[in-house]
1. Please determine whether any residue of the range C:115-137 is more than 15 Å from residue C:9 (Cβ to Cβ), within 13 Å of chain D (Cβ to nearest Cβ) and modelled with pLDDT of 95 or more.
2. Read through the list (1) facing another protein chain (nearest Cβ under 8 Å); (2) without any contact (Cβ under 8 Å) to a residue 60 or more places away in the chain; (3) surrounded by fewer than 23 Cβ atoms within 10 Å (Cβ to Cβ), then give the number of the only condition that residue D:14 fails.
3. Test residue B:81 against the stated conditions and say whether it is crowded, with 21+ Cβ neighbours inside 10 Å, among the acidic types (Asp, Glu) and within 8 Å of chain A (Cβ to nearest Cβ).
4. Only residues that are more than 10 Å from every other protein chain (Cβ to nearest Cβ) and crowded, with 24+ Cβ neighbours inside 10 Å: list them for the range A:85-111, please.
5. Can you pull out every residue in the range D:17-26 that is under 19 Å from residue C:73 (Cβ atoms), within 18 Å of the chain's Cα centre (by Cα) and either more than 9 Å from chain C (Cβ to nearest Cβ) or small (Gly, Ala, Ser) (or both)?
6. Under the condition of being surrounded by fewer than 24 Cβ atoms within 10 Å (Cβ to Cβ) and among the polar types (S, T, N, Q), which residue from the range D:63-74 is nearest to residue D:138 (Cα to Cα)?
7. Taking the condition away from every other protein chain (no Cβ under 14 Å) and farther than 18 Å from residue A:102 by Cβ, does residue A:147 pass?
8. Scan the helices (runs of 4 or more DSSP H) fully inside the range B:41-140 and keep the ones with 1 or more residues being touching a helix residue (DSSP H, G or I) at 6+ places or on another chain (Cβ under 9 Å) and closer than 19 Å to residue B:180 by Cα.
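The values are calculated or read from the model by the stated rules, or taken from the named source; none is laboratory data. Since the model is a prediction, treat every value here as computed from it, not as a measurement. Every residue, glycine among them, receives a Cβ derived from its backbone with ideal geometry; neighbour counts consider all protein chains shown.
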4 protein chains.
Amino acid sequence: MSRSDAFLLVNFKTYLEATGKRAVDLAKKIEFVGETSGVKVGIAPQFCDLAQVAASVDIPVFAQHLDPITAGANTGHILAESIKAAGADGTLLNHSERPLKLADIDRAVALTKQTGLISVVCAGNARIAAAVSLSEPDMVAIEPPELIGTGRAVSKENPEIVTDSVKKIRRVNQVVAILCGAGISTGEDVYAALKLGTTGILVASGVVKAPKPEEVMADFCEAASKGQ
Amino acid sequence: MSRSDAFLLVNFKTYLEATGKRAVDLAKKIEFVGETSGVKVGIAPQFCDLAQVAASVDIPVFAQHLDPITAGANTGHILAESIKAAGADGTLLNHSERPLKLADIDRAVALTKQTGLISVVCAGNARIAAAVSLSEPDMVAIEPPELIGTGRAVSKENPEIVTDSVKKIRRVNQVVAILCGAGISTGEDVYAALKLGTTGILVASGVVKAPKPEEVMADFCEAASKGQ
Amino acid sequence: MSRSDAFLLVNFKTYLEATGKRAVDLAKKIEFVGETSGVKVGIAPQFCDLAQVAASVDIPVFAQHLDPITAGANTGHILAESIKAAGADGTLLNHSERPLKLADIDRAVALTKQTGLISVVCAGNARIAAAVSLSEPDMVAIEPPELIGTGRAVSKENPEIVTDSVKKIRRVNQVVAILCGAGISTGEDVYAALKLGTTGILVASGVVKAPKPEEVMADFCEAASKGQ
Amino acid sequence: MSRSDAFLLVNFKTYLEATGKRAVDLAKKIEFVGETSGVKVGIAPQFCDLAQVAASVDIPVFAQHLDPITAGANTGHILAESIKAAGADGTLLNHSERPLKLADIDRAVALTKQTGLISVVCAGNARIAAAVSLSEPDMVAIEPPELIGTGRAVSKENPEIVTDSVKKIRRVNQVVAILCGAGISTGEDVYAALKLGTTGILVASGVVKAPKPEEVMADFCEAASKGQ
């Protein structure tokens, strides 16, 4: 994924609005807005929905987590090959709702490389964002946990954390794509994020819980087109 | 699931032999043997394979784990409704490779009841087997972790742990179905398990890693028919 | 500890009011009230304070947690022998702020028996209280997490959970002592707890954060004398 | 602690040879060797032994772990103020036997700064060593988990991991002291470690489990004097 293109990634979390058939429906709506606007969009549904969703859309599909394990006796864990076999393209890692031990982030990123999955590692502050960049993931997503789900966008409430993250990340990694997230709910928030030097955004409730997700996405995509 | 019928449950763990398309193939083979032998069989594939497998077979399909959460902001977790929406019938809980906090087992079993999923709670010894029975799951599976994957069957190596578990479980719960597992690899092991008072077995590598899983299953099913 | 005597156990948690020298001071005050009132009292200070506190008082001293490990390469863990060597008499286990996997509770209780430590296993509801009783600890403490730290006493807000726990515990274990806790802040709460069939209470902020902990304890002890 | 002086830190883990009174005895022996040789030595005993050990020696005493919590309702956790009140000077963090989530390492290092404790963050490889250096701890200890307890010293078995770590750490942090550990058991191992550009070593079984720990320490200290 080239750094010059904005990327909007929608995390479905475990919202009922994005479970089972509703995950497939939502994925199609998001794909449609992405296609019509010409902006790159992606989605991260639940594990049990991955295969169905991946079979229904052509946009990049991400798992929400990956366990740092290899094939074998690991009942109840998430295997990289299994995500890949479901037709997904990548995975989130270290989301603040599913935080990982540092050594496990490093191991999980290595597994994504071996399996050909795109890695998006989340980080709650600038130091952590730089730290995870050292494992050379494809993308880092800066998400201050205190703003997640608040509707107060990181890019407007705390732009310093974004610019500081970009600065600290670039000192150690010049190629990783940088997303930001937490509280993103309007096109303005998206535009502000891109102006701060990010490649895109990670959003969840702002889209998934919206009465009309496709309208929110259209707003985001329009802003993204201007922001680049 | 009535207690009088033997039940053979195959845990796919995260074996490559049971990932993606190979999960679907293996599921069909197991279903075929179950149908031809008239013995109840079930399978527990990985989360990402649940929907595909459930769409391909009519035997009971189980998840390998369930997180004690409700719908919402729980990135990377396993929601009961999501397992249900994938077409699965139940879930394993507290496998020794995915152990749960006691309060979480209790919560997860309650969630399976609310969602209409069959719960199979694993336990490593007789005291723990009785303890989890108090949460009133549908089935308890006794699996001494030290025998898992060894090929030395619990029902022959340590029959006392099985009979002791049955006794301790029945003191607190008269209806829960009782499986036993760990090291099961021959029909004799299955027969021995049923003779010890269990309703069936939980097996993994003994079937999944076998050169011809269908032959092992046929052997198990024949023994199960005799053992009831 | 005989079941016929009331027992009041004060959990110091990680309150600054009960850290370092202040832990020793508080321990002495609690001991003094216990001695003058003739009621059995005990305390559970932080690990780093255990040895100092145990050397300063003669009442039973408990650790707040124990890891299910044996001597060896376990950096940063809590070894039973180390609690014992510090002069402590027992340990809390499975507090809702330090919940344990079920198999680990069973293992930890076994370790307390081997080391000669008194075990107090916490449980958030009646089913869990009965479940942990199967591991045969010395005491079970019923603490509904939703009432902890609220000042609304379990024995008055939710007496049913206490009586139901006592009933369910006694079905599987006739000898374990039963404490109850959460929200206990007055002598009346203590009296009510004993009248519900418990042997005593587990309390934390109600004593530790009180302006005059010795007065609260005196109130508790008076109520305990009446309640037996 | 200045970077120009070699520093030898002995982790007592949960070895019985270093529990209770034996922890105090071992601490004194290590102090004696340090004093007579003029080499800086430190020790990391178990939590329950911290206060006794700190009261018995003048060398730096470290906890083995710190929880990323502040004072309050955190039963069974390790509070920074409690380590400080016990007379300890610092703490290990993220040892491979007590790994931490990345966000928790960052939080715990911040807590050590607020409390005036020296932080020693462990890391299993060069990328992780650089990553934890971004949180600006006082020291980083490189310990490849696969060599821990083997008697095959990292400084001789895998010198590249040490030089690579030093290089990667220095790119992002010019002041952090760098220790290395795992398998260190002879003076030669210590000498090799210092020659690779480290400030000292982290050792455990090589000293604690030795028949005569003071002789091993004397050997280490002699090598350290030469190696600087």
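1. Yes, there is a match, as at least one residue in the range C:115-137 is more than 15 Å from residue C:9 (Cβ to Cβ), within 13 Å of chain D (Cβ to nearest Cβ) and modelled with pLDDT of 95 or more.
2. All conditions are met except number (3).
3. Against the criterion (crowded, with 21+ Cβ neighbours inside 10 Å, among the acidic types (Asp, Glu) and within 8 Å of chain A (Cβ to nearest Cβ)), residue B:81 does not qualify.
4. Result: A:90, A:108.
5. Within the range D:17-26, D:18, D:23, D:26 meet the criteria.
6. My answer is D:70.
7. Against the criterion (away from every other protein chain (no Cβ under 14 Å) and farther than 18 Å from residue A:102 by Cβ), residue A:147 does not qualify.
8. By residue number, B:102-115, B:126-133.
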